[in-house]
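Let me begin by presenting the structure, written as structure tokens, before commenting on it.
The values are calculated or read from the model by the stated rules, or taken from the named source; none is laboratory data. This one's a predicted model, so the numbers in the text were calculated from it and none came from an experiment. Don't worry about glycine lacking a Cβ; one is built from the backbone with ideal geometry, like all the others, and counts go over all protein chains shown.
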Ligand code: PMP
């Protein structure tokens with residue numbers, strides 16, 4: 001209870017624009033073990049024993065702060081990717097790195113461009129910097145890079161290109177991306193969000209890391225959350241030229257990558273071949289699920305990620321409800337569509353059975 005001498009409580013003064021910020025609405029947690037969680041683009045496979053062992057060993061040291069520079073992880077990424085260490089900046093998931101990049105490049109009065117629909121965290125991370133998010137509509141579920149280049153103004157500071165795009169799974173190709181980058185002024189930072197890069201099997205989809213070498217205004221985001229299966233540990237990284245990388249480090253929360261995350265990421269890099277085997281399974285499942293959904297007359301774009309997009313329009317919520325009732329969680333996006341993560345073969349079978357029974 002408040003004592004009689006205390007002044008009356010006053011509301012804490014917060015930034016007035018914070019209450020209006022968009023919120024990230026995560027895929028709901030799976031309510032029970034009976035539920036297949038195909039709603040958050042996670043890797044369905046549990047961590048490899050070598051990764052669990054590395055995390056266990058690291059647990060012995062949790063009284064100490066982690067290496068703030070993630071030096072060993074950076075060294076190992078540097079040789080795995082053939083990228084100089086100065087170009088690498090690990091962070092708290094690629095979401096954390098995205099936030100820091102935005103803070104490094106954009107502020108009040110600036111504009112940040114991205115396609116829409118795309119990753120729903122973009123608008124909220126942009127708002128947090130004070131910059132204005134500018135959404136450029138997708139065309140036929142794909143980035144409209146020409147319209148995005150047309151939308152660049154004097155105020156544009158950063159452009160996010162989600163490749164492959166969440167939630168549609170579509171990817172931009174080498175030639176169109178090259179044309180786009182040639183049109184964007186060199187002072188505008190172009191961020192290629194390649195969270196799903198390991199699932200790309202179309203050779204015409206450029207590897208951003210290779211592409212960034214000759215383009216000082218291109219930065220690339222990668223993550224250990226998807227193909228590497230470490231979503232809960234929160235570790236991703238940027239690849240960028242030294243001036244951008246240095247600004248990014250300056251904007252990062254000190255000690256933002258935990259020791260557990262660093263150890264798990266390093267062990268995962270070491271287990272590359274085993275993990276890529278799992279990716280291969282997911283790719284053949286993606287092909288199988290895509291064929292089956294198309295055979296059921298559903299309209300889905302070619303996916304280069306670990307999920308597929310069903311453009312169901314106003315039927316999207318009802319389809320998601322039917323899946324949930326049958327124990328499969330998928331992710332509806334308003335009245336636009338439903339995103340379904342590729343799971344294990346058994347999970348995908350259950351999904352396809354629901355689709356077979358579903359009637360509009
Ligand atoms: N980028 C995209 C396009 C994503 O879909 C996601 C995860 N849903 C992320 C970034 C975030 O990944 P992380 O777990 O590394 O923060």
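Here residue 37 meets each of (1) exposed (fewer than 11 other Cβ atoms within 10 Å of the Cβ); (2) within 30 Å of residue 135 (Cβ to Cβ); (3) within 21 Å of the chain's Cα centre (by Cα) with one exception, condition (1). If the condition is being under 15 Å from residue 319 (Cβ atoms) and either out of contact with any helix residue (DSSP H, G or I) (no Cβ under 8 Å at 6 or more places or on another chain) or crowded, with 17+ Cβ neighbours inside 10 Å (or both), then segment 293-302 contributes 293, 297, 298, 299, 300. If you check 203, 215 for being in a loop (DSSP other than H, G, I, E, B), away from the ligand (no atom under 16 Å from the Cβ), farther than 24 Å from residue 309 by Cβ and over 13 Å from the mean Cα position of the chain (by Cα), only one passes: 215. With respect to the conditions (1) away from the ligand (no atom under 11 Å from the Cβ); (2) in contact (Cβ under 8 Å) with a residue 12 or more places away in the chain, residue 221 lacks only one, and its number is (1).
Annotation: of all residues in segment 229-240 being assigned to a loop (DSSP other than H, G, I, E, B) and more than 10 Å from the ligand (Cβ to nearest atom), the one that is nearest to residue 187 (Cα to Cα) is 240. Criterion applied to 239, 191, 172 was being under 13 Å from the mean Cα position of the chain (by Cα) and surrounded by 22 or more Cβ atoms within 10 Å (Cβ to Cβ), and the one residue passing it is 191. When you check residue 158 against the structure, is it crowded, with 20+ Cβ neighbours inside 10 Å and closer than 30 Å to residue 342 by Cα, yes or no? No: the conditions fail for residue 158.
Scanning segment 235-245 for residues that are in contact (Cβ under 8 Å) with a residue 60 or more places away in the chain and out of contact with any strand residue (DSSP E or B) (no Cβ under 6 Å at 6 or more places or on another chain) turns up 235, 241, 242. Among the criteria (1) within 16 Å of the ligand (Cβ to nearest atom); (2) surrounded by 17 or more Cβ atoms within 10 Å (Cβ to Cβ); (3) without any contact (Cβ under 8 Å) to a residue 40 or more places away in the chain, the one residue 262 does not fulfil is (3). Scanning segment 124-143 for residues that are over 20 Å from residue 172 (Cα atoms) and within 13 Å of the ligand (Cβ to nearest atom) yields a total of 2. Among residues of segment 204-216 that are farther than 15 Å from residue 78 by Cα, those with a Cβ under 7 angstrom from a residue that is part of a helix (DSSP H, G or I), sequence gap 6+ or separate chain, pair up as 204/174; 206/174; 206/177; 215/181.
Does at least one position in segment 290-298 carry a residue that is out of contact with any strand residue (DSSP E or B) (no Cβ under 8 Å at 6 or more places or on another chain), within 14 Å of the ligand (Cβ to nearest atom), closer than 25 Å to residue 332 by Cα and in a helix (DSSP H, G or I)? There is no residue in segment 290-298 that is out of contact with any strand residue (DSSP E or B) (no Cβ under 8 Å at 6 or more places or on another chain), within 14 Å of the ligand (Cβ to nearest atom), closer than 25 Å to residue 332 by Cα and in a helix (DSSP H, G or I). Filtered by the rule that a residue be in a loop (DSSP other than H, G, I, E, B), touching a helix residue (DSSP H, G or I) at 6+ places or on another chain (Cβ under 8 Å) and more than 16 Å from the ligand (Cβ to nearest atom), segment 153-195 gives a lone residue, 184.
Could you tell me whether residue 79 is closer than 18 Å to residue 220 by Cα, surrounded by fewer than 18 Cβ atoms within 10 Å (Cβ to Cβ) and modelled with pLDDT of 95 or more? Against the criterion (closer than 18 Å to residue 220 by Cα, surrounded by fewer than 18 Cβ atoms within 10 Å (Cβ to Cβ) and modelled with pLDDT of 95 or more), residue 79 qualifies. For segment 48-99, residues that are on the phi < 0 side of the Ramachandran plot, in a loop (DSSP other than H, G, I, E, B) and over 19 Å from the mean Cα position of the chain (by Cα) total 13. I'd like to check something: does segment 108-117 contain any residue that is crowded, with 22+ Cβ neighbours inside 10 Å, within 16 Å of the ligand (Cβ to nearest atom) and more than 26 Å from residue 231 (Cβ to Cβ)? Yes, segment 108-117 contains at least one residue that is crowded, with 22+ Cβ neighbours inside 10 Å, within 16 Å of the ligand (Cβ to nearest atom) and more than 26 Å from residue 231 (Cβ to Cβ).
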